[in-house]
Amino acid sequence: MAEKDNTVALSFAAIDPYIERLIESPVERKTSGRWVYWGEKNTYPQYIKGLCKGVPTLRTVTMGMVDYICGNAIKAAHGLDGRAAGAFDRRGTQARELVKKTATSIAQLGGFAWKITLNANGAVGEIENIPVEYLRTDEDGNNFYYSEKWADGYARNTLVYPRWIAGTREPESIMLVKMWGDDLYPEPVFSASVKACETERSIDSFHLGNIERGFMGSYLVNFNGGARPTDKERKEIERNFNEKFAGHKNAGRIMFSWNANVQNRTTFEKMEVADYGEKYSTLSKHCEKQIFTAFRANPNLFGVATESNGFNSEEYEQAFRLFNRTMIQPIQQQIIDAFELVMGEKAVLTIEPFTLDGADNTIR
């Protein structure tokens, strides 16, 4: 007598496990092309920019850093190529706008790039911020390749620029400044907390998915008796069931079941579900701490109250003095040094540091 087939086919389409391999690595890989890949797929900076937009804590810190770097005011001694004071390119970009773009690049990617254009007399005529994520360089760092299509797997409309060198006669060249990183490309200051950033983003996706799908997979629906449906039919039943009864707008809806008899009725089995809300709340706080630690920053600096001390001006002032000295001032000085190097003169740019009371304490 043949044994009875007790195999049960279960479908758990709602389960979408977190896959760590989706985290991109900053590895620099030489290929047969002229440029060195920035990341295994050559899209590492695009991946980091995506984190900066999609992770709330990271976005808060990077945007706050930009405000601190730009300070209360930015002043330029004069413009370029006969333009009004503070105008650094043909579009009339002002000093504050240029510094803000530069600061954003540093906060997100750990470095910045400027395109230096000479005028007809061989003097510096323009300084233009170039998005670092659009640049790749050769193995020696002597040439830069600009493209907005690296994510396509190949470079379209690639522009080539030589590396900027003081006293260069090249009409257009690129200056790349790395605030952090020892290789060809800069390194984000928060690179050690990328996993924490991805975890925070995944927690948000998890909670959104719970709301959209009915909070939790806390019930198991048994369809008893009758002909066993095919795989296609089971998927269709599952889809229809989720569309009709799952989701945050379906609480309290009446569900109907038509059965041939009592023995073949549809049954629901309650499953014990762990308190993921509390666990994920603890994990979320851990991720926030990891991100702030990577920036060497106190949450109070960005308007995030700590549980032990709350938020007060004294706590803020103490935290800001340390953060300003160890993080903000070195960045401001790097930007000023780059201006002076390109312009070939001192005191061409000044940044008035950020203060709550607006007091003047200018860095020169």
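Points to keep in mind about this one:
- For Glu200, the test of being at pLDDT 70 or above and in contact with a helix residue (DSSP H, G or I) (Cβ under 8 Å, 6 or more places away or on another chain) is passed.
- Complete set of residues in the stretch 303-344 that are surrounded by fewer than 16 Cβ atoms within 10 Å (Cβ to Cβ), assigned to a loop (DSSP other than H, G, I, E, B) and either modelled with pLDDT of 90 or more or at negative phi (or both): Ala305, Glu307, Ser308, Asn309, Phe311, Asn312
- Condition check for Glu133: buried (at least 20 other Cβ atoms within 10 Å of the Cβ), assigned by TED's automatic domain parsing to the domain that holds Gln329, modelled with pLDDT under 95 and of a type in the set (Asp, Glu): no
- The one condition in (1) farther than 30 Å from Ala294 by Cβ; (2) at pLDDT 95 or above; (3) outside any strand (DSSP E or B) that Asp81 fails to fulfil: (2)
- Scan of the stretch 143-197 for residues that are part of a strand (DSSP E or B) and either among the hydrophobic types (A, V, I, L, M, F, W, C) or not assigned by TED's automatic domain parsing to the domain that holds Gln108 (or both), ordered by number: Phe144, Leu159, Val160, Ile174, Met175, Leu176, Val177
- The set of residues in the stretch 100-113 that are surrounded by fewer than 24 Cβ atoms within 10 Å (Cβ to Cβ) and not small (Gly, Ala, Ser) comprises Lys100, Lys101, Thr104.
- The stretch 85-104, subset modelled with pLDDT of 90 or more and of a type in the set (Ser, Thr, Tyr), residue farthest from the chain's Cα centre (by Cα): Thr102
- Contacts under 6 angstrom Cβ, first residue in the stretch 114-141 being on the phi > 0 side of the Ramachandran plot, partner of a type outside the set (Phe, Trp, Tyr) and crowded, with 16+ Cβ neighbours inside 10 Å, 6 or more apart: Gly141/Leu184
- The set of residues in the stretch 28-68 being farther than 24 Å from Leu184 by Cβ and among the aromatic types (Phe, Trp, Tyr) consists of Tyr68 alone.
- Test: residue in the stretch 105-113 that is out of contact with any Pro (no Cβ under 9 Å at 6 or more places or on another chain) and either more than 26 Å from Lys346 (Cβ to Cβ) or at pLDDT below 90 (or both): no
The values are calculated or read from the model by the stated rules, or taken from the named source; none is laboratory data. Predicted model only: the values in this text are computed from it and were never measured. Please note: Cβ atoms are built from the backbone with ideal geometry, for glycine as well, and neighbour counts cover all protein chains shown.
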